[in-house]
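Everything on this sheet refers to the single structure shown next.
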Amino acid sequence: MENYKPQGIEKKWQKIWERRKTFQVNLKKAKKPYYNLMMFPYPSAEGLHVGNVYAFTGSDIYGRFRKMQGYDVFEPIGFDAFGIHSENFAIQKKIHPKVLIQKNVNNFRRQLKNLGCLFDWRYEVDTTKPNYYTWTQWLFLQLFKSGLAYRKKAPVDWCPSCKTVLADEQVIDGKCERCDTNVIQKELEQWFFKITKYAERLLKNLDWINWSERTKVAQKNWIGRSEGAQIEFKIQNSKFKIPVFTTRPDTLFGCTYLIISPEHRLIENLKLKIKNWDEVQKYIKESKKKTESERTELIKEKTGVELKRIKAVNPANQEEIPVFVADYVLVSYGTGAIMAVPGHDQRDFDFAKKYNLLIVEVISPDGKEHILTESYTGEGILINSGKFNGIESEKAKLEITKFVKAKKAVNYHLRDWLISRQRYWGPPIPIIYCKKCGIVPASEKDLPIELPHVKNFRPAGAGKSPLASVPNFVKTKCPKCKGPGQRETDVSDTFLDSSWYFFRYPSANLKNSPFDKKLTEKWLPVDMYIGGQEHAVLHLLYTRFMTMVLKDLSHINFEEPFKKFRAHGLLTKEGTKMSKSKGNVVNPDDYYKKYGADTLRMYLMFLGPFSEGGDWQDRGIMGTYRFLNKVWNLRSKVNYGLSIKNKELDRLIHKTIKKVTEDIENLKYNTAISALMILANELEKEEKISSEYYSLFLILLAPFAPHITEELWQKLGHKESISLEKWPEPRPELLKEEKITLIIQVNGKVRDKIEVSADISKEKARDLAVSQKKIKNWVEGKEIKKVIFVPNKLINIVI
RNA sequence: GCCCGGGUGUUGGAACUGGUAGACAAAAUUGACUUAAAAUCAAUUGGGAUUUAUUCCCGUGAGGGUUCGAGUCCCUCCCCGGGCACCA
C-alpha cells in the first residue's frame, strides 16, 4: 500500500477545489447565509507568522463545521495593507511600500492558499487599492457631513521616532505602541472622530452582544463610565466659577482646596489677580515640557503651586479655600479641575501632607473621629458635615448634590478618536482648505483622492506628512467656489481602514458604492468573528462605532457588527512570546514542506484550548503527524461488505460525534482532536472496519484536516467533496451504556470498582457493594450511617 | 494600586452542573524488527511505603473552611501571564 504523502495530496486538492469552485458561495441566492469572519492580516512582514496560521485555522474549522451543517458559509479574506506597520517595514527594507507591500501580499496569498481554508478568493479585499480606499474616504466624508469628524488644535501624543501623532489607544505606558519611544506632547491641528458621543451606546450594547466575556470587560473598562456630580466653586471677588467633577459629592465638606490642571483656561483669565504669576507661569512651562511617561514616573512625587491671592468658596460650608495648579490633574478628563478631599483620596492626602494643607475627616467607618495617617476611601457615616452628620455616605451623595444645587454628571474615560497621521502610507484625508470657504469636503464624485507616488516617502517630521512636499497634490481647486485651494496632506489612521472592511467583503467588486444595502443586510451582522484579544479595545471598538454611525445615517438596519465574537489565545514558543527581535518566530513554510498543512493545522489546534492559546514545541508536531499516518493506514482495514454491528464501537462512534460536535461549537478543538485520536486508536485494534464507521470518522476529521480526508473520501469511491457531506448527529439510543463501572467509596474514598448494569437500583447497588470482599474489610462490624448513591457513577458508604 | 485570566506529572495539556485526578499527546527508559539508524510495534513512567502482582498512605501554589465526597465551592495569602492606571 502507498504511504501518506501530504505534499502531493494537498496540492492536488487545492487545485480541485479551485477548479470545481467548491468553496464559492452564491451570495445572492444563498438560503442559509453564514458569515464566518477572521481578522484580516497586515502584511508588514515577508510572510505569514505561525500565529496568523493559528488564528485562521481555528476560524476555518468553525466555518467548515457550519458548512457541513448545511449553512452557506461565506469565509472571505483580505489584507490590511496600509498603515505604519507596513510603512516602517518598507523604510527598514528601503523599498517603496507600493512595491514591497504588494510583494508581501502575494507571498501571504500563496501561504494562505497552502493552508486549505474555505476562502472565496473572488471577494478578496486590499485596503491599499483605490477601489477600497475610495470608500474609506467616502466614510470620512459621511462622518464629516454629520458633524462627527472635526478638526481641532489639541495637545496630542507625538512619537518623535515615527514622526506622527498617535491615538490615545496607541500609547502604552507613555511609549509608542510600535517603537517604544517616549511619547511627547505637541499642540497640533488634528482630525478627530466623535466616538465619545457614542460612549453610552457602546457601553449599553455590551449587555446583550454575544462576545467573549474578557473582551467585553476590556471594552467596558476602556469606556470607563463613572457617575457623580458636577459642582461649582465660586472664586472670591470675581465673576468666575470653577466647575469640578467628583464621584464623591458626599465628601464635599472635607474639600479643603481646589486643584486645576496647568492647561486650564481659567489661569489666563485670572492672570492679573495671581500674586505669584511668574512662579505659576514657570510651573506650567515645566510641566508642559514633561513627557507623558515622565509625568507617570513621578506618580508618587506630586508637585504644584498655589495661585496666591485666589480663593474659592466651598459651597457646602462657605469656607474660603486655596486654589492650586498641579499637573497630576489632567485637563482632558472631567472639567480639568478637582475638589481636593485629602481625608478621603490618597493623592490629595499626599499633596496635602507635602504642602501642609488642612485634612478633615468627613467619612468615618464607625462614626467616630480618627487621626488619619492615610486617606480613607471606603463608605461610612458622615461626620464634620454640618446637618448631614450621621447619615450614610452612599445616601449623602445625592443629598449633598441637591443641597449645593449641583447637577448629577457622568464622565467617560473614552476620548475622541484621533484619526490623522503625518505619514505617507494611507488614504489621504479628503478635505480641501480654501481661503474663502474654509474647510471644504472633497466632492464625492472626485473620489478617490489618490495617494500620489512619492519617491521619498519617509516621514519628514515637523508635523507634516510627506504629501506636503508634492505641489501637484497639494494645489487644487476649491469644490465650492472653484478658487484656489489646498489639500489636506495628512492620511488617515489604519484603524479606519479596518473599521469597515467586513462591510466591503460581500460587495468587494462593487463599483459605485461602498456596499450593496440588500446584500449587506442579508449577510451582516457577521455571524462569527474570531480574532486576537489584543484588538479588544482598538479595532473592535472602532468597528462598533462605525456600524452605529452607518445605522444612524440609514445605510444599514443594524447597529452591532458581530453577532458573536470569540477571542483566541496567544501562541507562545516554549513559554515565551514569539517576536522578531527574539528570533523565535516559527515560519509555517518549513512545516508545510515537512509535514503538510493538515498536520500543522491539527498540531496548532491540539496544543491547548483555542481561546487560551498554547505553547509551540517543535517535538510535539510528530504526534499529529503519526495520527494522520494512522488514519491513512486504517484504510487498509476497511471492508466494504462488512455490516456486522459492534455495539461497543457503535457507542464509541456516537459518543465521539457528540463530543466533537459540542467541542467545535465551543472552540475546544484540542479535546475534539483527542476524542478523534481515541476513536482512531480503537478502530486500529479491530481487524476489519466497516466502511460506514470509517466514513463517519473521516467526516468528523474533515474540518481539521481537509486534504487528507478528501483524498481518503475519494478512495472510498465518492465523487463529491467531503466538505459537502452532512455533519452527523449522534443517535441517543446508541449512546446508552448497558454496563457501567460503579465506583464504591467508603467515607468518600475509592475502595473498589464493579461492573454493573446501568439501571441498577440504589438498594441493589448497596447490597452488591457491601458484599464485595474489599469493602467487607472496611465496613464489617461497623454501623453504616448513610449511603449516597449517584446513578451511573458511584455509591458512597458512610460509616 | 485596580480589573481580567491562570497555577494539575519531566513537558503541552484532560477532568461534565462538586463524584475514579493525570484523558490525549510529547519526552524518557526497556524490548521487538533492522548490519545500523530512522520509522514502526509492544511495555513502563506522580511520590512514598509494603507482606513487591496487593494493599495502604500522600498528592492539583500555601493555609483554613463547607461537604458523605473538593482540582472544582467559600475565606485568607503567595506566585505567574495579560490589560488599565495621578480618570477625581
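The values are calculated or read from the model by the stated rules, or taken from the named source; none is laboratory data. Predicted model, so just to flag it, every value in this text is computed and none were measured. With ideal geometry, Cβ positions are generated from the backbone for all residues, glycine too; neighbour counts draw on all protein chains shown. Side chains included, ligands, DNA and RNA excluded: accessible areas come from the protein's heavy atoms. Shrake-Rupley method; radii C 1.70, N 1.55, O 1.52, S 1.80 Å.
Condition (residue is away from RNA strand B (no atom under 13 Å from the Cβ), part of a helix (DSSP H, G or I) and within 46 Å of the chain's Cα centre (by Cα)) applied to the stretch A:733-741: is it met by at least one residue?
Our first condition is that a residue be away from RNA strand B (no atom under 13 Å from the Cβ); within the stretch A:733-741, this holds for A:733-734, A:736, A:738.
This time we only want the ones that are part of a helix (DSSP H, G or I), so: A:733-734.
Add one more test, that the residue is within 46 Å of the chain's Cα centre (by Cα), and what stays is A:733-734.
Yes, the stretch A:733-741 contains at least one residue that is away from RNA strand B (no atom under 13 Å from the Cβ), part of a helix (DSSP H, G or I) and within 46 Å of the chain's Cα centre (by Cα).
Annotation note: of A:Asn681, A:Asn666, the sole residue that is surrounded by fewer than 18 Cβ atoms within 10 Å (Cβ to Cβ), under 20 Å from A:Tyr4 (Cα atoms) and within 16 Å of RNA strand B (Cβ to nearest atom) is A:Asn681. Any residue at all in the stretch A:115-123 that is open to solvent by less than 10 Å² (accessible area, probe 1.4 Å), in a strand (DSSP E or B) and modelled with pLDDT of 95 or more? Looking through the stretch A:115-123, none of the residues is open to solvent by less than 10 Å² (accessible area, probe 1.4 Å), in a strand (DSSP E or B) and modelled with pLDDT of 95 or more.
Cβ separations smaller than 6 Å between residues 6+ apart or across chains give the following pairs from the stretch A:655-684 residues that are farther than 19 Å from A:Trp616 by Cβ to residues that are among the charged types (D, E, K, R) and open to solvent by 30 Å² or more (accessible area, probe 1.4 Å): A:Ala675/A:Lys659; A:Ala680/A:Lys630. Among residues of the stretch A:167-191 that are closer than 22 Å to A:Ile431 by Cβ, those with a Cβ under 8 angstrom from a residue that is of a type in the set (S, T, N, Q) and at pLDDT 75 or above, sequence gap 6+ or separate chain, pair up as A:Gln190/A:Ser420; A:Trp191/A:Ser420; A:Trp191/A:Ser492.
Are any of the residues in the stretch A:606-623 within 9 Å of RNA strand B (Cβ to nearest atom), open to solvent by less than 10 Å² (accessible area, probe 1.4 Å), touching a helix residue (DSSP H, G or I) at 6+ places or on another chain (Cβ under 8 Å) and under 15 Å from A:Val586 (Cβ atoms)? Within the stretch A:606-623, one or more residues are within 9 Å of RNA strand B (Cβ to nearest atom), open to solvent by less than 10 Å² (accessible area, probe 1.4 Å), touching a helix residue (DSSP H, G or I) at 6+ places or on another chain (Cβ under 8 Å) and under 15 Å from A:Val586 (Cβ atoms).
Residues considered: A:Lys785, A:Lys749. Of these, the only one that is in contact with a strand residue (DSSP E or B) (Cβ under 7 Å, 6 or more places away or on another chain), open to solvent by 40 Å² or more (accessible area, probe 1.4 Å) and within 13 Å of RNA strand B (Cβ to nearest atom) is A:Lys785. Restricting attention to the stretch A:556-580 and to residues that are away from RNA strand B (no atom under 12 Å from the Cβ) and of a type in the set (Asp, Glu), the residue that is nearest to A:Met39 (Cα to Cα) turns out to be A:Glu560. A:Tyr133 meets all of the listed conditions (1) closer than 29 Å to A:Gly336 by Cβ; (2) surrounded by 18 or more Cβ atoms within 10 Å (Cβ to Cβ); (3) of a type outside the set (A, V, I, L, M, F, W, C) but one, namely (1). Residues in the stretch A:175-213 that are part of a loop (DSSP other than H, G, I, E, B) and open to solvent by less than 10 Å² (accessible area, probe 1.4 Å): A:Val183, A:Ile209. All of A:Ile274, A:Ile235, A:Ile242, A:Ile231 fail the test of being closer than 18 Å to A:Asn314 by Cα, β-branched (Val, Ile, Thr) and away from RNA strand B (no atom under 16 Å from the Cβ), apart from A:Ile235. Take the conditions open to solvent by 20 Å² or more (accessible area, probe 1.4 Å) and over 16 Å from A:Ile429 (Cα atoms) and apply them to A:Lys455. Does it pass? Against the criterion (open to solvent by 20 Å² or more (accessible area, probe 1.4 Å) and over 16 Å from A:Ile429 (Cα atoms)), A:Lys455 qualifies. When every residue of the stretch A:375-388 is checked against the conditions, none turns out to be touching a His at 6+ places or on another chain (Cβ under 6 Å), buried (at least 21 other Cβ atoms within 10 Å of the Cβ) and part of a strand (DSSP E or B).
Name every residue in the stretch A:408-433 that is free of Cβ contacts under 8 Å to residues at least 60 places away in the same chain and open to solvent by 10 Å² or more (accessible area, probe 1.4 Å), in order of residue number. Spell out the reasoning first.
Quick first cut of the stretch A:408-433, residues free of Cβ contacts under 8 Å to residues at least 60 places away in the same chain only: A:432-433.
Within the stretch A:408-433, just A:Tyr433 meets the criteria.
Only one of A:Leu553, A:Leu538 is within 11 Å of RNA strand B (Cβ to nearest atom), touching a residue at least 60 places away in the same chain (Cβ under 8 Å) and closer than 30 Å to A:Arg415 by Cβ. Can you tell me which? From the options A:Leu553, A:Leu538, the qualifying one is A:Leu538.
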